[in-house]
Amino acid sequence: MNRLLSLCMTILVSSAMLLAMPCPAAAQGARQDVEQGRAMLRAGFRDVIGEELLLTDAESDVFWPVYDDYEAVVTGIMDRYAGLITRYVDRFNAGDLSNEYADELLEEYFAIRLELLEARRAHIPKFKAILPALKVAQLYQLENKLNAEVDIQLAMAIPLISE
């Protein structure tokens, strides 16, 4: 993983930790930092994918427009996920967690994850129409590795529900 992506993850995790703090002023600044961190992460993902896929010039010309469409769809879904995390942390800090909210949280979390999986799967034929299957598999493998790292960092930063 390159240094840019490591820096982006550090910003995202630091922001998530600040977001978990009960001070409203710090949380507002952290929300802005999270958005900046997310933009940097997207740029870092692109850099890693560009470095690792080893696209020919011809492949690159057709790949990036399709990837831009894919990224726009995924980013829209991840915006909902970031909102879910932000709302959860706000309620956690306010001591406003309930069984009803936990049900809503679970429902929304899995709806987002399912939508994300469906969007990723829907783009496979689009990528396979322009790239060999091995490169498409490598693309998804890279995405999975990068997303797993982000998920690990978020899991460490987001406070755990307790009764």
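A short reminder: the numbers here are calculations on the coordinates, not readings from a lab. Note that the structure is a prediction, hence the values are computed from the model and not measured. Because the Cβ atoms are built from the backbone with ideal geometry, glycine has one as well, and the counts that use them run over all protein chains shown.
Across region 127-144, rounded Karplus estimates of 3J(HN,Hα) from the backbone phi angles (6.51 cos²θ - 1.76 cosθ + 1.60, θ = phi - 60°) give 6, 5, 6, 10, 10, x, 4, 4, 5, 5, 4, 5, 4, 5, 5, 4, 4, 4 Hz, Gly and Pro being marked x. Could you please report the charge total around residue 49, scoring K, R as +1 and D, E as -1 over all other residues with beta-carbon less than 13 angstrom from its beta-carbon? Overall, the nearby charge balance is -3.
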